[in-house]
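Written out below as structure tokens is the structure these notes cover.
Please treat every number below as a calculation from the coordinates, not as lab data. Keep in mind it's a predicted model, so treat the numbers as computed, not measured. Counting neighbours? That spans all protein chains shown, and the Cβs are built from the backbone with ideal geometry, glycine included.
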Amino acid sequence: MSQTNIGDDEVDIVIGALHADLTSFLNEWRPLFSRFHLIIVKDPDLKEELKIPEGFNLHVYTKSDIDRVVGLSSTAINFSGYSCRYFGYLVSRKKYIFSVDDDCIPAKDNKGLSVDAVDQHITNLATPATPFFFNTLYDPFCKGADFVRGYPFSLRSGVTCALSCGLWLNLADHDAPTQALKPGHRNSRYVDAVLTVPAGALMPVSGVNIAFNRELAGPALFPGLRLAAEGKLRWETVEDIWCGLCVKVICDHLGHGVKTGLPYVWRNDRGNAIESLKKEWEGVKLMEEVVPFFQSVRLSQAAVTTEDCMLEIVALVKERLAALDPVFARAAQAMADWIKLWKAVGSGSGSGSSPSNG
Amino acid sequence: MAAASVKPALLLKDELDIVIPTIRNLDFLEMWRPFFEPYHLIIVQDGDPSKTIKVPEGFDYELYNRNDINRILGPKASCISFKDSACRCFGYMVSKKKYIFTIDDDCFVAKDPSGKDINALEQHIENLLTPSTPFFFNTLYDPYRDGADFVRGYPFSLREGVPTAVSHGLWLNIPDYDAPTQLVKPRERNTRYVDAVLTVPKGTLFPMCGMNLAFNRELIGPAMYFGLMGDGQPIGRYDDMWAGWCMKVICDHLGWGVKTGLPYIWHSKASNPFVNLKKEYSGIYWQEELIPFFQAATLPKECTTVQQCYLELSKQVKAKLGKVDPYFLKLADAMITWIEAWDELNPSAGDSANLTNGSGK
């Protein structure tokens, strides 16, 4: 397979608004966002009106839209906090989505040039991934790079990239204990590489800066694992880690790729790690069960779509994790409801009736 | 994770050998002098043994030519390649040190983006002395490096890591391409400095390059056999990759890590792509079989030492790759000969290659 051409009209930029005033955020991103369609989803818990600057092509969704679309179909699905952006994934009709947290701004690379994160993610999704054998010069489709000696020719066409995971300068996405131990620690290392995460290798996907192929990854990107004391700071969540593991396991099974590395965004300082520690121990403890679980997941030959795979994972969560903690039983239920919702509302792209904008 | 107050490079002065295969001369050592001089060198002279290889003044070294190899190994010398840099693994066998760094004689000191000379040896040592993390991928790469750490979601129970067996460095300037790629892109140069070290995940294979490589000899030495290449053999330029695939399967089985990335060296010489094509020709077809073979290879849990793992692999090579080409039957036998020779030259090493986790530090 060769490079796909991704047009601007195939991309939605989905922003979960956890802060009401998006003026400076959107103005910082304006040069990179202005040619795309934006979906802004307001955290249903947010009381104030959203402040959005002029000049963008966008739709805003609020609690009333969420209630209308989801309605009574599920009591398990909760779109509050960081989860609000997934509603945007549900209602989008585009093939590709880029999502970034509303406390991030464009970064600068090693040469001091502004990083076009959207463009880099699009490139990552448009070029093949190479999960079956590790290329020591990283992304072979990058200009100036190629496959190294010893890379089998039959594996050089690669597979479709379903998910592109970007990174963060300044406030990296560490957990609360790590950040609390090193309060002054900031990530200043710009690693100039994109690489495919090998098949069979799992990783913690951070939702702070991601892009994905909605058709392939959409049904699996759902914040099933909601902490009992989930909060409005990334330190107080693990939902993105959970659905990232779902996506990776499913991609490995279906033969799609996941890339990580560039682009970087600049993540502003926010919150107090020590305060969040009180809430985040729950997430830290749960990961001890979550990771071995996903490492042991084996999907059947019959599971040939992302939805099929998700339903098999739901069954396995019920069988192996639900007894350990009620949060897993809720996750399984929410995931099952999500697949139903996705099939009813979310699947399909291009023209089609979409819920009216808020 | 805490940096030692004494630079790690000086700490391993008497614990690391630098193994260099050469057929020409060792002029390149002049550039490396500031970094290599404190260390002991093992020079493996390939080709005509009557030729004298001049070693620059001031280096402490031992040198072996083909006559020495034949004398020391006797009939077992058949496992050591001739007219191919694969002969370097003889250096691993005769070394008495815990760590090995090997480098090609056309590799020079590179500069980092700030213009500073890169002490490749120091970076390799840092890579080997810090743990690896093969069980879960850290998106910020090596968490033990200064300025990095584990990301949110990384289980705390996995944060101790495992001992690092191999540190695989990269190359600026002439990249390590195969002959077909060289022919299509003769002018491509690697100019991208990727400031990362990362653990190659468990279960993932990669093509290991021997140009800029370091390893814990006490842990993984017996698996670093560079195969039968060169004179009288149907294949060349697959020595390091063969060792890398065997090594990775064994490291995955025994729970050790392999790192790749920094340090960079400057690779100055592009070998002739037509010569390379002749050497690699069979390999390009065979690697289509080799990769699935290694990807599927499993070792029984009774194999608890590197030698046992390696001998088991040689059985599987004979059984499954013999039908690809009779060369693999010869190679499987050579693998056995290598282990016999290794154990003969390293008699107490047999029981030291065990599984205790502390040996990596």
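Can you tell me the FRET efficiency between B:E57 and A:W281 if r is taken as the Cβ-Cβ distance and R0 is 60 Å, rounded to the nearest 0.05? Mind dumping the intermediate values first?
Working: r = 61 Å, r/R0 = 1.02.
The pair B:E57/A:W281 has a calculated efficiency of 0.45.
Take peptide B:139-150, look around each residue's Cβ out to 10 angstrom, count Cβ atoms belonging to other protein chains, and average those counts.
Numbers: counts 14, 10, 7, 0, 2, 0, 1, 1, 6, 6, 9, 5.
Rounded to a whole number, the mean comes out at 5.
Selection among A:S154, A:I250, A:M335 by position relative to the dipole of segment A:93-346 gives A:S154 as farthest towards the positive end (Cβ unit charges, Cα centre). Positive-end ranking of A:G224, B:P186, B:H253 along the dipole of the protein assembly as shown, with charges on Cβ about the Cα centre, is headed by B:P186. Backbone N atoms of segment A:179-207 closer than 18 Å to the 7 Å Cα→Cβ label point of A:K111 belong to residues A:190-194.
Projecting the Cα positions of B:P113, B:I125, B:P155 onto the charge dipole of segment B:111-164 (unit charges on Cβ atoms of Lys, Arg, Asp and Glu, taken about the Cα centre) puts B:P155 furthest along the positive direction. Taking Cα centre as origin and charging only the Cβ of basic (Lys, Arg, +1) and acidic (Asp, Glu, -1) residues, the dipole magnitude of segment A:17-88 rounds to 200 debye. Straight Cα distances below 20 angstrom link B:K116 to the lysines A:K111, B:K7, with same-chain residues fewer than 8 positions distant left out.
Which links in A:K259/B:K301; B:K98/B:K278; A:K94/B:K202; B:K83/B:K323; B:K51/B:K279 stretch past 31 Å when you go from one Cα to the other? Please report the intermediate quantities before stating the final value.
Numbers: A:K259/B:K301 33 Å; B:K98/B:K278 37 Å; A:K94/B:K202 36 Å; B:K83/B:K323 27 Å; B:K51/B:K279 25 Å.
Long pairs (Cα-Cα over 31 Å): A:K259/B:K301; B:K98/B:K278; A:K94/B:K202.
The dipole here belongs to segment A:131-268: it is taken about the Cα centre, uses +1 on the Cβ of Lys and Arg and -1 on the Cβ of Asp and Glu, and is about 280 debye. Max-minus-min Cα coordinates of the protein assembly as shown on each principal axis give 87, 50, 48 Å, with the largest extent listed first. Put a dot 7 Å past the Cα of B:R24, heading toward its Cβ, do the same for A:R320, and the two dots end up 5.4 nm apart. Per residue of A:213-222, other chain Cβ atoms within 10 Å of the residue Cβ number 0 on average.
Highest mean first, the peptides B:229-241, A:240-252, B:122-134, A:109-121 sorted by other C-beta atoms within 10 Å per residue fall in the order A:240-252, B:122-134, B:229-241, A:109-121. With a ≥ b ≥ c the root eigenvalues of the C-alpha gyration tensor of segment A:135-258, is it rounded (a/c under 1.5), prolate (a/b larger than b/c) or oblate? The shape class here is oblate. Ignoring aspartates and glutamates fewer than eight residues from A:K343 along the same chain, the ones with Cα atoms less than 14 angstrom from its Cα are A:E215, A:E307, A:D308. The shape of segment A:1-125 comes out oblate: with a ≥ b ≥ c from the C-alpha gyration tensor, a/c is at least 1.5 while a/b does not beat b/c. Taking the Kirkwood radius as Rh and the Cα radius of gyration as Rg, segment A:93-346 has a ratio of Rg/Rh equal to 0.96.
Where both residues lie in chain B, what percent of DSSP beta bridges are antiparallel, nearest 5? Spell out each step's value before the answer.
Numbers: 16 of 41 bridges.
Of all bridge pairs located within chain B, approximately 40 percent are antiparallel.
What is chain B by shape, rounded, prolate or oblate, if you read a ≥ b ≥ c off the alpha carbon gyration tensor as root eigenvalues and call it rounded for a/c under 1.5, prolate for a/b larger than b/c, and oblate otherwise?
Numbers: a/c = 1.27, a/b = 1.10, b/c = 1.16.
Rounded, since a/c falls under 1.5.
The C-alpha atoms of segment B:57-155 occupy a region whose extents along the principal axes are 56, 35, 23 Å, arranged from largest to smallest. At an R0 of 60 angstrom, the distance between the Cβ atoms of B:K315 and A:S24 translates into a FRET efficiency of 0.35. In this Cβ point-charge picture (+1 for Lys and Arg, -1 for Asp and Glu), chain B has a dipole of about 540 debye about its Cα centre.
Using a simple spin-label model with pseudo-atoms 7 Å out from Cα toward Cβ, A:K343 and B:D48 lie 7.7 nm apart. Of A:D175, A:D139, B:D333, the sequence from fewest to most neighbouring Cβ atoms within 10 angstrom is B:D333, A:D139, A:D175.
Just tell me how shielded A:199-205 is by partners: mean number of partner chain Cβ atoms within 10 Å of each residue's Cβ, no decimals. For this peptide, the per-residue mean of nearby foreign Cβ atoms is 6. Taking 15 Å as the straight-line reach from the Cα of A:K108, the aspartates and glutamates in range (excluding those fewer than 8 positions away in the same chain) are A:E28, A:D116, A:D119, A:D192.
Normalising by residue count, segment B:153-224 has a Cα convex hull of 149 Å³ per residue.
Protection proxy ranking for B:167-174, B:109-116, A:313-320, using the average of other Cβ atoms within 10 Å per residue and placing the highest first: B:167-174, A:313-320, B:109-116.
Taken along the Cα-to-beta-carbon direction at a fixed 7 Å, the label points for A:S74 and B:D112 span 4.7 nm. When chain B is treated as a GNM with alpha-carbon contacts under 10 Å, the residue of B:I72, B:I18, B:I103 showing the greatest mean-square fluctuation is B:I72.
Here r is the Cβ-Cβ distance between B:E289 and B:L183 and R0 is 25 Å; the resulting FRET efficiency, rounded to 0.05, is 0.60.
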